[in-house]
1. Determine the sum of side-chain charges near B:ARG61: Lys and Arg each +1, Asp and Glu each -1, restricted to other residues whose C-beta is under 12 angstrom from that of B:ARG61.
2. Tell me, what ³J(HN,Hα) does each residue in region A:30-38 have, in order and in whole Hz, if you take phi through Karplus 6.51 cos²θ - 1.76 cosθ + 1.60 with θ = phi - 60° and put x for Gly and Pro?
3. What are the nm distances, shortest first, from A:LEU105 to its equivalents in the other copies, labels at 7 Å along Cα→Cβ?
4. Find, to one decimal place in angstroms, the Kirkwood hydrodynamic radius of region B:26-83, where the mean of 1/r is taken over every pair of different Cα atoms and then inverted.
5. Which entries of A:LYS103/B:LYS108; A:LYS103/B:LYS78; A:LYS108/B:LYS104; A:LYS78/B:LYS51; A:LYS78/B:LYS78 show an alpha-carbon separation above 18 angstrom in the structure shown?
6. Could you work out what % of the accessible surface of region B:1-61 is carbon and sulfur, using a 1.4 angstrom probe and leaving DNA, RNA and ligands out of the count?
7. Run through region A:1-93 and list the trypsin sites (Lys or Arg not before Pro) located in a DSSP loop whose Cβ has at most 15 other Cβ atoms within 10 Å.
8. How long, wide and thick is region B:3-48, going by the Cα atoms along their three principal axes, in whole angstroms, largest first?
There are 2 protein chains.
Amino acid sequence: MVTLTLDSTFSALSDPTRRAILARLALGETSVKELAKPFAMSLPAVSKHLKILERAGLIARGREAQWRPCRIAPRALKDVDDWLQHYRRFFDESFDRLDDYLKKLQAKQPGTENKDDEHDGDK
Amino acid sequence: MVTLTLDSTFSALSDPTRRAILARLALGETSVKELAKPFAMSLPAVSKHLKILERAGLIARGREAQWRPCRIAPRALKDVDDWLQHYRRFFDESFDRLDDYLKKLQAKQPGTENKDDEHDGDK
């Protein structure tokens with residue numbers, strides 16, 4: 001089931017127009033009509049992309065208004081992130097940087113401070 | 001250019017066999033012959049998947065040995081992570097958890113401790 005979801009999610013994300021739609025939705029929910037404007041595409045063509053994004057769990061469409069606003073859905077993006085997690089050590093230097101930062105913070109805690117500081121006044 | 005790369009990367013990742021090949025390569029570099037074993041596929045079929053992964057920048061193949069070992073290439077995975085970064089706030093609770101953890105660590109530092117603890121012995 002997870003495999004099927006990742007199949008459709010990655011497949012949906014392989015199209016630049018669909019990624020551009022997501023980039024627009026990251027700014028806030030909007031209508032199909034508004035989404036179609038910058039793409040110079042017909043409404044049916046945009047609707048087709050939205051259906052693929054919706055089936056892939058990347059967007060959700062409201063039922064509360066007649067214009068059915070589209071918005072980003074978090075689940076599929078989270079699945080991609082979870083998948084990517086297994087490969088993070090191959091590319092991510094920020095883990096090392098975070099580790100350094102935590103070590104520095106912990107070094108400032110009581111009990112781990114440099115005791116030599118107490119004797120500085122004796123000189 | 002980035003768009004083209006993400007197109008081919010996401011497209012390559014939409015296939016479960018190719019994701020399984022990456023999962024195997026995450027354990028270490030190996031030959032096409034070894035990669036083919038668990039899949040009950042012909043060597044040409046596996047080679048075809050490897051070519052797609054290689055063109056998408058997801059794997060690299062060594063030239064140093066006759067068996068041309070395959071290994072994970074970090075660049076395309078990093079591109080996916082960079083892309084995902086723009087959407088992280090929609091799904092990532094770990095940012096909040098990390099923030100809580102850092103606050104707790106900082107609360108244990110000298111000067112920020114709860115001074116009420118000193119009066120507990122008076123009761």
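The values are calculated or read from the model by the stated rules, or taken from the named source; none is laboratory data. Note that the coordinates shown come from a computational prediction; the quantities given were computed from them, not determined experimentally. All Cβ positions, glycine included, derive from the backbone under ideal geometry; neighbour counts span all protein chains shown. The area values use the complete protein model at the heavy-atom level, side chains included, leaving out ligands, DNA and RNA. Shrake-Rupley method; radii C 1.70, N 1.55, O 1.52, S 1.80 Å.
1. Net local charge, B:ARG61 excluded: +2.
2. Each residue's phi maps through the Karplus curve to give 7, 8, 4, 4, 5, 4, 5, 3, x Hz.
3. Distances between equivalent label points, in nm: 0.4.
4. About 12.0 Å, per the Kirkwood formula over Cα pairs.
5. A:LYS103/B:LYS78; A:LYS78/B:LYS51
6. So the carbon and sulfur contribution to the accessible surface is 59 percent.
7. A:ARG63
8. Cα extents, longest axis first: 34, 22, 15 Å.
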